[in-house]
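Throughout, read-outs are computed from the coordinates displayed, never taken from laboratory work. All values derive from a computational prediction rather than experimental measurement. Cβ coordinates were reconstructed from backbone atoms using ideal geometry, including for glycine residues, and neighbour counts include every protein chain displayed.
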């Protein structure tokens with residue numbers, strides 16, 4: 001057998017995949033519901049351009065998960081945006097090689 | 001960082017366990033992959049009773065081997081013969097038999113494959129270097145969140161007497177999606 005390609009092309013693909021699978025396994029939503037929502041996002045994105053199954057695929061995945069979590073009231077869009085900014089600031093102020101943490 | 005933000009918020013609310021995420025990533029990166037599916041196929045080639053049971057109720061049979069779906073999906077095994085070649089796609093998203101094949105390759109998730117597999121399966125097969133006799137019908141199975149398919153490729157000639165472990169090496173990921181054939185020994 002030829003050597004397999006990497007399972008996930010980027011670390012954030014893996015994180016996102018794991019987060020979604022974990023939420024499903026914890027019973028937060030069922031998989032057919034997830035698949036239906038994800039299919040709808042993919043179809044929408046696919047209208048604008050041809051998706052290559054890499055980053056754009058997981059971008060659609062992320063958009064679907066964000067919308068689902070906001071709808072359930074678990075992660076509101078504004079809270080996510082604030083947290084994202086907090087992480088970005090943390091990455092920018094952390095010296096290279098040090099672990100990145102939110103409390104700086 | 002958007003994923004990171006979601007993780008932080010959900011962890012703070014006690015909705016997720018960050019250690020579980022690492023465990024899931026480790027499982028899919030290191031422990032689950034096409035070798036699982038190859039194991040099932042090699043056994044089906046070697047053991048007629050197993051093959052019959054697999055074709056009747058794949059979910060039960062592969063669960064017994066420890067390959068069960070984390071999403072509670074139903075597994076169906078479809079067997080290639082001289083008369084029929086089976087090929088799997090998910091036209092809506094990218095449903096795939098994770099426990100048996102791991103995470104799908106990029107092309108499986110691409111619009112091009114998802115759209116063309118149904119419309120022009122023979123051309124797609126040709127792109128993968130597979131040309132079938134005109135007398136072989138091509139059947140395309142559309143996976144869903146509830147049903148995932150595993151193709152049992154045809155056992156190559158000249159493999160009589162090979163044991164399960166040796167046979168496993170002939171079973172490629174693509175041969176179990178139906179976009180390839182099992183390797184010749």
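For B:91-104, what's the mean count of beta carbons from other chains sitting within 10 Å of each residue's beta carbon?
Details: counts 2, 7, 14, 7, 5, 0, 0, 1, 0, 0, 0, 2, 6, 3.
Going residue by residue through B:91-104 and averaging, the value is 3.
For region A:30-72, the square roots of the Cα gyration tensor eigenvalues, ordered a ≥ b ≥ c, give a/c of at least 1.5 with a/b greater than b/c, which places it in the prolate category. The helix-only estimate of mean residue ellipticity at 222 nm for chain B, built from DSSP H runs of length n ≥ 4 each weighted as -39500 (n - 2.57), is -11500 deg cm²/dmol after division by the residue total.
Taken residue by residue and averaged, Cβ atoms of other chains lying within 10 Å of the Cβ of A:71-81 number 3. Here the residues B:90, B:95, ranked from fewest to most Cβ neighbours within 10 Å of their Cβ, fall in the order B:90, B:95. Which residue fluctuates the most in chain B, going by a Gaussian network model with Cα springs under 10 Å, if the choices are B:147, B:130, B:88? Of B:147, B:130, B:88, the most mobile in the Gaussian network model is B:130.
In terms of its C-alpha gyration tensor, region B:34-177 comes out oblate, because a/c is 1.5 or above while a/b does not outweigh b/c. On a C-alpha basis, how far is the centre of region A:70-104 from the centre of region B:34-105 in Å? Whole number, if you could? About 41 Å separates the Cα centre of region A:70-104 from the one of region B:34-105.
Springs join every pair of Cα atoms under 10 Å in this Gaussian network model of chain B, and among B:67, B:149, B:28 the largest mean-square fluctuation is at B:28. Computed over chain A with a Gaussian network model linking Cα atoms closer than 10 Å, the most mobile of A:19, A:68, A:42 is A:19.
Put one equal scatterer on each alpha carbon of the protein assembly as shown, apply the Debye formula with no solvent term, and list log10 I(q)/I(0) at q = 0.07, 0.15 1/Å to two decimals. Taking Cα atoms of the protein assembly as shown as identical point scatterers yields -0.30, -1.15.
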